[in-house]
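Below: the structure, in structure tokens.
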Amino acid sequence: MGVLVVAVVTYSYALRIAADDGNPFDFFGYFTNQTSTLTALLLMLVGCIGLAGRSVPRVVALAWAIGAACLVVVAVVYNGLVPGTGSAPPWVSVVLHVVFPVLVVADVATAPDRPRLAWRELWWVLPYPLAWITVVLVRGATDGWVPYGFLLPERGLASLVLHVVGILTLLLLAAAGVWALGRRGSSRPLSS
């Protein structure tokens, strides 16, 4: 699954390069492209750990869950706020905004090698998206580029705050769901 998603993201980026729009800061500035790539690479790591017969380390388990929660946000925001936008072929959008998020959440819920997630570590879901939002807002204020229209500075501070708070709230709800799935049926605590 990880290899397939990296191939899809690479194909999508190749299309942007062919259209003379291959700025990597713009392409990977999209939360979907960035999160899908990072989570796919993480899943490849989890697969290698499993093939080696080892337990998933705590930091990898947390990253796995964070990736799943972020992909839930990708799916909900794309399918709810900005459906059908973007320049990627429709099948690429389906893979990255529907299929991959569903499969990653199912993976977290059913993988036999997943350790139980500690609720006190739920806050770890916030640093990556907050860093992403910060970079996007700085870029929007300086060079005018934002990946999604609802983050445009000219829409006003109230709209911007409402969307950011809404997305972070959705992220925390998604993370709570992923954490609950990760605890379901698993008695093995996080390893170090």
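Restricting attention to region 112-126, which residues are assigned to a loop (DSSP other than H, G, I, E, B) and without any contact (Cβ under 8 Å) to a residue 24 or more places away in the chain? Please lay out each step first, then the result.
Initial filter on region 112-126 (assigned to a loop (DSSP other than H, G, I, E, B)): 112-118, 126.
Passing the criteria: only P112.
Of everything in region 88-104, what is in contact (Cβ under 8 Å) with a residue 60 or more places away in the chain and open to solvent by less than 10 Å² (accessible area, probe 1.4 Å)? Give them in sequence order. Steps first, answer last, please.
Initially, region 88-104 is screened for residues in contact (Cβ under 8 Å) with a residue 60 or more places away in the chain, giving 88-89, 92, 95-97, 100, 103-104.
Across region 88-104, the qualifying residues are V92, L96, F100, V104.
Can you list the helices (runs of 4 or more DSSP H) found entirely within region 1-52 that contain at least 2 residues being farther than 26 Å from L81 by Cβ?
Working: elements: 2-18, 24-27, 31-51.
The helices (runs of 4 or more DSSP H) meeting that bar are 2-18, 31-51.
Could you identify the single residue in R54, R114 that is surrounded by 21 or more Cβ atoms within 10 Å (Cβ to Cβ) and charged (D, E, K, R)? Spell out how you get there, then give the answer.
Working: R54 fails: surrounded by 21 or more Cβ atoms within 10 Å (Cβ to Cβ).
Result: R114 is the single residue among R54, R114 that is surrounded by 21 or more Cβ atoms within 10 Å (Cβ to Cβ) and charged (D, E, K, R).
Tell me yes or no: at least one residue of region 119-142 is open to solvent by 20 Å² or more (accessible area, probe 1.4 Å), at negative phi and touching a Pro at 6+ places or on another chain (Cβ under 7 Å).
Yes, because at least one residue in region 119-142 is open to solvent by 20 Å² or more (accessible area, probe 1.4 Å), at negative phi and touching a Pro at 6+ places or on another chain (Cβ under 7 Å).
Do we find a residue being open to solvent by 20 Å² or more (accessible area, probe 1.4 Å), under 24 Å from L152 (Cα atoms), touching a helix residue (DSSP H, G or I) at 6+ places or on another chain (Cβ under 9 Å) and among the hydrophobic types (A, V, I, L, M, F, W, C) anywhere in region 10-27?
Yes, there is a match, as at least one residue in region 10-27 is open to solvent by 20 Å² or more (accessible area, probe 1.4 Å), under 24 Å from L152 (Cα atoms), touching a helix residue (DSSP H, G or I) at 6+ places or on another chain (Cβ under 9 Å) and among the hydrophobic types (A, V, I, L, M, F, W, C).
Test each condition in (1) open to solvent by 60 Å² or more (accessible area, probe 1.4 Å); (2) part of a helix (DSSP H, G or I) for V74 and report the one that comes out false.
Against the list (1) open to solvent by 60 Å² or more (accessible area, probe 1.4 Å); (2) part of a helix (DSSP H, G or I), V74 comes up short only on (1).
It is to be established whether one or more residues within region 153-167 are under 20 Å from S36 (Cβ atoms) and either at pLDDT 90 or above or surrounded by fewer than 16 Cβ atoms within 10 Å (Cβ to Cβ) (or both). Quick ask: steps written out before the conclusion?
Quick first cut of region 153-167, residues under 20 Å from S36 (Cβ atoms) only: 167.
With the extra rule that they be either at pLDDT 90 or above or surrounded by fewer than 16 Cβ atoms within 10 Å (Cβ to Cβ) (or both), the set shrinks to 167.
The answer is yes; a qualifying residue exists.
The values are calculated or read from the model by the stated rules, or taken from the named source; none is laboratory data. Predicted model, so just to flag it, every value in this text is computed and none were measured. When we count neighbours, we look across all protein chains shown, and the Cβ atoms used for this are built from the backbone with ideal geometry, even at glycine. What goes into the accessible areas is simple: the full protein's heavy atoms, side chains included, and nothing from ligands, DNA or RNA. Shrake-Rupley method; radii C 1.70, N 1.55, O 1.52, S 1.80 Å.
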